[in-house]
Amino acid sequence: MQDFLWWRDGIIYQIYPRSFYDTNGNGLGDLAGITARLDYLADLGVDALWLSPFYPTPDADFGYDISDHVDVDTRFGSLADFDTLVEASHRRGIRIVLDLVLNHVSDQHPWFIESRANQTNPKHDWFIWQDQIPNNWESVFGGKAWTYDEERGQYYYHMFVKEQPDLNWRKPEVRKAQMDVLRFWLERGVDGFRLDVYNVYFKDEKLRNNPTKWGRRAFERQDHIYDIDGPEMGSVLEEMRSILDEYPERYAVGETFFATREKILKYNGAGKLHAAFDFRFLWSKYKPEKFFKAIQNWENLSADADIYPNYVLSNHDVPRPATRYAKGEDDARTKIIMAMLLTMRGTPFLYYGEEIGMRDISLKRSEIMDPPGKKYWPFNKGRDGCRSPMQWDSSDNAGFSVEKPWLPAHPNFKERNVAAQLDDESSMLQFTRKLIALRKENQTLRRGEFIPLKDTASEVMAYLRLGDDEKILVALNFSKKKKTLTLPKASWSILFSENREGDINQDEIILFPNEVLLLSVKVTQKRS
Ligand code: TEU
């Protein structure tokens with residue numbers, strides 16, 4: 001494959017390790033479980049795995065509260081298991097991206113235990129301590145962002161739950177310790193990082209009050225101008241980038257908290273992060289014009305920021321796309337948006353189970369684990385729904401574990417699982433595999449210019465991908481009715497279809513309900 005750069009031309013697959021595959025029978029997925037499923041992932045055609053945290057954690061925020069950044073929680077395995085996973089992945093051409101949570105640590109992290117002990121210890125200022133609550137700052141998951149610590153006799157700041165104290169990034173020793181975390185994993189062969197809420201590392205030095213505004217929850221009733229986006233972040237990103245650049249083809253993608261155009265421009269591009277997420281696409285309604293708007297915006301913004309765009313429909317914090325868009329167990333709509341994701345000019349991110357159209361589980365109040373769900377149920381049921389066990393087959397617990405899993409498998413697992421879908425040519429999984437394979441062999445799909453076709457009915461999404469010697473037309477009928485699509489004049493041949501064959505010689509075609517159709521034509525020069 002010509003000029004294939006893994007994070008730009010490949011597909012990145014996010015794994016929530018505790019829910020992927022359990023090999024040691026503790027009801028939690030583990031690193032050996034990922035290694036055991038690498039052949040499945042290689043067959044699916046993914047190029048990199050982004051692993052959500054597997055570090056030691058007391059689970060106040062299910063791994064995003066870390067008590068040691070440079071080890072593996074014994075429930076998930078060991079560093080030796082990690083090395084095996086890296087080696088076995090690399091052997092299959094699959095890269096490894098780690099989730100780096102550097103803004104905060106667990107309150108059980110030795111740094112915090114030392115810092116809270118008294119006001120004079122060597123790490124006394126590694127966190128943000130105050131005698132009194134200094135301002136109106138709120139925590140994301142509910143309640144004040146300042147909690148009183150009896151042992152130390154002071155308040156500490158936490159953007160998330162109180163078990164996740166924020167580090168004082170202004171302290172050079174903290175900064176150095178965190179850069180050493182990067183180096184530790186790079187030396188172990190890691191290919192890249194996803195930076196968790198990186199733009200909240202620096203808070204206002206004077207700890208000023210945020211201005212207030214209208215919003216539903218207390219956190220949303222503030223303009224977050226003082227608790228996030230401190231100006232010092234730029235130099236941290238530059239330092240991280242220079243460390244990454246000491247190694248070949250390394251990569252960092254940032255989860256920008258409250259992303260805006262200005263922030264994307266500020267934190268990404270040459271000398272800073274390689275990529276950013278833009279969640280407008282993820283939050284789009286099931287309407288072509290809404291998706292177009294999100295895509296157009298991201299196309300323009302990523303060009304201005306000089307980064308390659310990526311597209312995400314799903315992650316461990318949001319309801320799954322099948323839950324948001326599909327009707328019941330029907331995969332028609334799920335296929336439409338999967339086809340869109342895999343034919344974009346931008347790196348597609350997949351979240352485990354998306355390829356088989358997994359739906360969110362629903363839990364009773366007493367079963368909820370996630371902190372925001374516990375706090376805000378029933379208005380916000382938390383994020384457990386999208387974190388249920390991967391559905392491998394129809395055996396007990398969806399083949400995920402021989403033990404009762406930490407969250408129940410979705411009741412649809414007897415029908416909706418990997419094994420069943422591998423045997424069914426018309427399944428969501430086969431559909432996804434075919435489109436991934438097509439994308440990988442087709443440079444125009446990966447890199448070609450994206451040109452929306454405007455003259456189409458509002459329920460049909462149609463766009464061109466324009467390469468050096470090929471033009472591809474993608475037609476997605478969002479409607480459950482037949483729709484007519486006017487084609488640009490050319491002798492189109494079918495590049496991908498589940499139900500058509502042959503060439504298309506007319507200027508107009510009737511799309512079947514919820515049809516996905518890719519046509520292609522060779523061109524001698526661009527824009528011919
Ligand atoms: O998420 C930050 C973030 O934006 C979310 O907390 C978001 O506000 C929430 O999911 C909406 O329900 C990152 C991680 O992705 C998330 O899992 C962690 O809980 C959080 O940081 C703290 O590390």
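Bear in mind these aren't lab numbers, they're just calculated from the coordinates by the rules spelled out. Computed from a prediction, not measured in an experiment: that's the story for all the values here. For neighbour counting, all protein chains shown are included, and Cβ atoms are generated from backbone atoms with ideal geometry for every residue, glycine included.
Is it the case that the stretch 19-28 has a residue that's crowded, with 24+ Cβ neighbours inside 10 Å and within 19 Å of PHE193 (Cα to Cα)?
Scanning the stretch 19-28, I find no residue that is crowded, with 24+ Cβ neighbours inside 10 Å and within 19 Å of PHE193 (Cα to Cα), so the answer is no.
Just to confirm my filter: which helices (runs of 4 or more DSSP H) fall fully inside the stretch 3-75 and include at least 1 residues that are within 16 Å of LEU98 (Cα to Cα) and away from the ligand (no atom under 16 Å from the Cβ)?
Of the helices (runs of 4 or more DSSP H) lying wholly inside the stretch 3-75, those with at least 1 residues that are within 16 Å of LEU98 (Cα to Cα) and away from the ligand (no atom under 16 Å from the Cβ) span 6-9, 31-36.
How many of the residues making up the stretch 441-489 are under 27 Å from the mean Cα position of the chain (by Cα) and outside any strand (DSSP E or B)?
So the count comes out to 9.
What number of residues in the stretch 130-142 are more than 14 Å from the ligand (Cβ to nearest atom) and surrounded by fewer than 22 Cβ atoms within 10 Å (Cβ to Cβ)?
Looking only at that region, the number is 7.
Of everything in the stretch 92-124 that's without any contact (Cβ under 8 Å) to a residue 12 or more places away in the chain and over 20 Å from HIS158 (Cβ atoms), which residue is nearest to the chain's Cα centre (by Cα)?
PRO122
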